[in-house]
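In what follows, a single structure is set out as structure tokens and then discussed.
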Amino acid sequence: MFSFFRKKDQDGNEVLTQTAPITVTAGHEGIATQSRPFGPETIIPLAAESTEPQHDAQQYDLSLLKIEVQSNHDSLSAAEEQAAMLHANSQLSAAISILEADRPEFIGQRRLEPWLMLFELYQQQDNREAFDALALEFVMTFEKTPPIWRQHSQHQAQPASTSAYYAFPAKLGIETIEKEAKQFLALRKKNPNIRVDFSKMQKIDALGAAELVAVLPRRNKEQGQLQLIGAQNLITLTSNKIEVGRRIPAEAPFWLLLIEIHQILGQQEAFENLAVDYAITYEVSPPSWDIAQAPKDSQQIALDEAKARAELANEANQEAQLIGIITADQPQLIQKIADLVNDQSLTTLDFSRIDRIDFESAGHILNLAMTWLQQGKQIRIININELVLGLLRVMGIADMLQMERRK
């Protein structure tokens, strides 16, 4: 995929510049995938201004482009563009060489881009000595605080929770219970420690109750532990379907489910009272309390549920974070970005932990950006490192979305 943007040549005429991956010999961290080099030969005169036929073997029909070409007066320098593209191709040493060679051009200017690019490159190379030396020069030039060295721990993802999570739907009955039971059992097989969420449940029939009794394990039968969320909601729904002394066989699953829920929660007194009522109603022996389950008071049960909800909220926040590098062979972050934007008209994406985006993935983001514009979505990307921001500027994405560099 290629991106085009207008520039002016030495004579002041507008030309169309192709931004393609760059082949640079400095640094040997990777091999550029595009054989066409970045240079004068990639500058293609606009059709209206061309007086000579094009003999290049690689022709571009600009009428097929779906990208509106606009003049950008706040463009990057050639060295900055090349550094951003080399970084996208994971050629950090080559990007540093390009910017270092351009020092005579920017050293006396109060232009932040090349400085911030170098800071980020030294950071990603873990070159603290060069970073600190650049910081001293930065202070002398700009008379303000330079970027701060980031410890590696800031870029490490938090370990995943050891507990799985399963939420039962609003309606649990003959139409849905078989599918739900299979999915729950499959998850329990992979991870016996499960948070089971009944908060959304609004309706349950006798078959649904019977299946829950079968799939909700007691601690003495299974290794692992269940943590119930929204248990009171299920207790309320089920309690309304039974009555002491009303011996209706179809109601027995509701009794047994209530008894099992009290057992899992650790509500021994409520369990024993309900077990006696069940025995009286159906003239059977009452179920026995599982001695492996430690009794809990209502305060402890409430604290356990509050803790489980807080952990879920924290995990959801971590799941929404964008961490690492976005590359063609790891497209899950692109999908995550699309998912975060999908159902919202206004979205803020935090790129503070995105180190790099490769050229192909930037192309996918460009396509998404054009779609979001057509849908009227407002997207704001914050905390972008200077090299990723440079790539997004070269690709024209920064003209479509709101961008804020890392502070």
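The values are calculated or read from the model by the stated rules, or taken from the named source; none is laboratory data. Just so it is clear, the model here is predicted, and its values are computed rather than measured. Virtual Cβ from ideal backbone geometry, glycine too; neighbours counted across all protein chains shown.
Pick out the one residue from Met201, Met117, Met140 that is farther than 25 Å from Arg356 by Cα and in contact (Cβ under 8 Å) with a residue 24 or more places away in the chain. Spell out how you get there, then give the answer.
Details: Met117 fails: farther than 25 Å from Arg356 by Cα; Met140 fails: in contact (Cβ under 8 Å) with a residue 24 or more places away in the chain.
One residue alone meets the criteria, Met201.
Can you tell me which residue among Pro169, Pro146 is outside any helix (DSSP H, G or I), within 20 Å of Leu207 (Cβ to Cβ) and at pLDDT 90 or above? Before you say what the answer is, go through the steps one by one.
Working: Pro146 fails: within 20 Å of Leu207 (Cβ to Cβ).
The unique qualifying residue is Pro169.
Only one residue in Val139, Val196 is surrounded by 15 or more Cβ atoms within 10 Å (Cβ to Cβ) and either of a type in the set (A, V, I, L, M) or not assigned by TED's automatic domain parsing to the domain that holds Glu311 (or both), so which one is that?
Details: Val139 fails: surrounded by 15 or more Cβ atoms within 10 Å (Cβ to Cβ).
Of the residues listed, the single one that is surrounded by 15 or more Cβ atoms within 10 Å (Cβ to Cβ) and either of a type in the set (A, V, I, L, M) or not assigned by TED's automatic domain parsing to the domain that holds Glu311 (or both) is Val196.
When you go through (1) buried (at least 21 other Cβ atoms within 10 Å of the Cβ); (2) closer than 23 Å to Ile96 by Cβ; (3) without any contact (Cβ under 8 Å) to a residue 40 or more places away in the chain one by one for Leu387, which number turns out not to apply?
(3)
With respect to Lys203, is the statement that it is surrounded by 14 or more Cβ atoms within 10 Å (Cβ to Cβ), among the charged types (D, E, K, R) and either more than 24 Å from Ala310 (Cα to Cα) or in the same structural domain as Lys296 (by TED's automatic domain parsing) (or both) true? Write out each step before concluding.
On the way: surrounded by 14 or more Cβ atoms within 10 Å (Cβ to Cβ): no; among the charged types (D, E, K, R): yes; either more than 24 Å from Ala310 (Cα to Cα) or in the same structural domain as Lys296 (by TED's automatic domain parsing) (or both): yes.
So Lys203 fails the test.
Report those helices (runs of 4 or more DSSP H) wholly inside the range 207-292 carrying at least 1 residues which are touching a residue at least 40 places away in the same chain (Cβ under 8 Å) and surrounded by 14 or more Cβ atoms within 10 Å (Cβ to Cβ).
Working: elements: 231-239, 252-265, 268-282.
Counting at least 1 such residues, we get 231-239, 252-265.
Which of (1) in contact with a helix residue (DSSP H, G or I) (Cβ under 7 Å, 6 or more places away or on another chain); (2) assigned to a helix (DSSP H, G or I); (3) more than 23 Å from Tyr166 (Cβ to Cβ) is the odd one out, the single condition Pro295 does not satisfy?
Here Pro295 meets the rest and fails (2).
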